[in-house]
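The structure under discussion appears below in the form of structure tokens.
The values are calculated or read from the model by the stated rules, or taken from the named source; none is laboratory data. Everything numeric here is computed off the predicted structure, so don't read it as measured data. FYI the Cβ positions are ideal-geometry reconstructions off the backbone, even for glycines, and counts take in every protein chain you see. For the accessible areas, the whole protein counts, side chains as well, though only heavy atoms, and no ligand, DNA or RNA atoms are used. Shrake-Rupley method; radii C 1.70, N 1.55, O 1.52, S 1.80 Å.
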Amino acid sequence: IRKEKAEHIAKKVAVLPQTPTCPDAITVRELVSYGRFPYRKAIGGMSRHDIEQVDWALEKTGLTEISGRLVTELSGGQRQRAWIAMVLAQQTPLILLDEPISMLDIGHQADILNLVRELANQGKSIIMVLHDLATAARCADYMIALKDGQIIAQGNSRQILTPALVQQLYNIEVEVQHAGSLAQPDLQRLIVIPVHFGDPNPCA
């Protein structure tokens, strides 16, 4: 990767860091349009195709109506969606997302994760960092558990998501339960519940 030009890498990999930053006086549309930077020529503005990709990304993240507002005027959740829209506009086969739903309410979390699933079904490879284990188990095809930079477990959620693994990762006792329809096992979801959460006397 160090041997390739930055613009070539940017056509292959889009990255959403955990704490992205941008200039103060920039609108949502301008931020999202940065995703098209690797495809733009040295002279001239965006092409019709570039504009179409920006419009698509804004629509997919529910930001079309506020695309003219300054990013600094947005709520934390809206700002997060603007950054995700920029990543989508980049149109790369590989997408790296670091905590993409951390600042979103439950409705927008579902919207973003459904969009991520849609992109994966279209053939894109998506790697996400998620600390919500139940959400990770629900949306991931393959999970990798890391601690101190080392892989300690990997596989699908039903293979690796156990109370012992959570204890090893977070030093907390939990129960891992199945929720959903017994008649349709494929619809069942894993739920991670701290054993002593809310217990006024967990040591008793």
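With a 10 Å cut-off between alpha carbons and a GNM built on the chain, which of Arg36, Arg79, Arg48 moves the most? In the Gaussian network model the winner is Arg48. Comparing Ala137, Ala25, Ala14 in a Gaussian network model of the chain, where Cα atoms under 10 Å apart are tied by springs, the biggest mean-square fluctuation is seen for Ala25.
Taking the inverse of the mean 1/r over every pair of distinct Cα atoms in the chain gives a Kirkwood hydrodynamic radius of 19.1 Å. Accessible area per residue for the chain is 62 Å², calculated with a 1.4 Å probe on protein heavy atoms, without ligands, DNA or RNA. Express the relative contact order of the chain as a whole percentage, based on alpha carbon pairs under 8 Å and six or more residues apart in sequence. Worked out over the chain, it gives 17 percent. Rolling a 1.4 Å probe over the protein heavy atoms leaves Lys12 with an accessible area of roughly 100 Å².
Each Cα pair under 8 Å and six or more residues apart adds its separation to the average, and for region 83-159 the resulting relative contact order is 26 percent. With an a/c value of 1.5 or above and a/b not larger than b/c for the gyration tensor axes a ≥ b ≥ c computed over the alpha-carbon atoms, region 50-100 is described as oblate. Judged by the gyration tensor of its Cα atoms, with axes a ≥ b ≥ c, region 1-108 is oblate; a/c meets the 1.5 cut and b/c is at least as large as a/b. If I compute solvent accessible area with a 1.4 Å probe over the protein chains, what percent of it on region 1-91 is carbon and sulfur? Using a 1.4 Å probe with all protein chains present, region 1-91 comes out at 53 percent carbon and sulfur.
Comparing Met128, Cys139, Val192 along the charge dipole axis of the chain, the residue lying farthest to the positive side is Met128, per the Cβ-charge model.
Take every Cα pair under 8 Å whose residues are at least 6 apart in sequence, average their separation, divide by the length of region 38-88, and the relative contact order is 37 percent. Excluding same-chain neighbours fewer than eight residues apart, the lysines reachable from Lys3 by a Cα-Cα span under 16 Å are Lys11, Lys12. Please report the antiparallel percentage of DSSP beta bridges with both residues in the chain, rounded to the nearest 5. So the antiparallel bridges amount to about 55 percent of the total. Taking 30 Å as R0, compute the FRET efficiency from the Cβ-Cβ separation of Val129 and Lys3 and round it to 0.05. Efficiency, rounded to the nearest 0.05: 0.70. The label point for Leu94 and the one for Ile144, both projected 7 Å from the Cα toward the Cβ, are 1.0 nm apart.
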